[in-house]
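Structure first, then comments.
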Amino acid sequence: MTDREKRIHEVKKRMIEFYASDPKRTFHFFSVYNFSAVIGREEELSDYETYILLTAALVHDIGIKASEEKYNSSSGKYQELEGPPYAEKLLTDVGYDKKDIDRICFLVGNHHSYDKVDGIDFQILIEADFIVNAYEDHLKSESIRALSKNIFKTKSGTKILDTLYLNQRSQFTADI
């Protein structure tokens, strides 16, 4: 196991502990992690980009607990406000480099701000989160079509969304 894989594994364990007694949140971040991994592979991200993306997928909603405690809300704006300090502490404790922490915290602090997308890691994180949220929130086909048209930019993220929710068959090129 590489050092990066060890750090990601440690983040997984710590996030399970952080969301103890909250399986819904735990299943959410693991689902976003898994869809991020599939989309990232299909989009041929570098190993480094994948490392940043997968870590961000695990911690993207780390601010929800504090948002609910402070504001009685899990609103995206509060998650973006509260998440980065928690993510920074966790990632520092696990041994991430400052540069990597800064990028991951940027993603955590903006993952509901779709006008701020500045890279493929950010785009994939948003798409994976939407794929999972569409299921969890029981979104209707009209809403999913609008997401596909207005938010999704990657070919593979769009294929997954369309295949899962809009009954459009597709073929993936990589072994999944």
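The values are calculated or read from the model by the stated rules, or taken from the named source; none is laboratory data. On a predicted model such as this, the values are computed, not experimentally measured, just so you know. Heads up, the Cβs are rebuilt from the backbone with ideal geometry, glycines too, and the neighbour counts pull from every protein chain shown. Calculation scope for accessible area: heavy atoms of the full protein, side chains included, ligands and nucleic acids excluded. Shrake-Rupley method; radii C 1.70, N 1.55, O 1.52, S 1.80 Å.
Determine, for each peptide in 77-84, 105-112, the mean count of other beta carbons within 10 angstrom over its residues, then list the peptides with the highest first.
105-112, 77-84
Which length gain, in nm to one decimal place, applies between residue 77 and residue 102 when the Cα-Cα distance is subtracted from 0.36 nm times their residue separation?
Gain in length upon complete extension: 7.1 nm.
Compute the Cα gyration tensor for the chain, then decide on rounded, prolate or oblate, letting a ≥ b ≥ c be the square roots of its eigenvalues: rounded whenever a/c is under 1.5, prolate when a/b is larger than b/c in the other cases, and oblate in all that remain.
It is oblate, given that a/c is not under 1.5 and a/b is not larger than b/c.
Hey, any idea what % of region 85-176's accessible area is carbon plus sulfur with a 1.4 Å probe?
The computed percentage sits at 50.
Express the accessible area of region 13-134 per residue in Å², computed with a 1.4 Å probe while the remaining protein chains stay in the model.
Value returned for region 13-134: 45 Å² of accessible area per residue.
If you average the sequence gap of Cα pairs under 8 Å that are 6 or more apart and divide by the length of the chain, what percent do you get for the contact order?
23
Divide by every residue of the chain the summed helix terms, -39500 (n - 2.57) for each DSSP H run of at least 4, and state the resulting mean residue ellipticity at 222 nm, rounded to the nearest 500 deg cm²/dmol.
Taken over the chain, the calculation gives -23000 deg cm²/dmol.
I'd like to compare 50-61, 4-15: which one has the highest average count of other Cβ atoms within 10 Å, and what's the full order after that?
50-61, 4-15
Counting pairs of alpha carbon atoms under 8 Å apart in space and at least six apart in sequence, what relative contact order in percent does region 63-105 give?
Values: 37 pairs, mean separation 14.4, N = 43.
Reported relative contact order: 34 percent.
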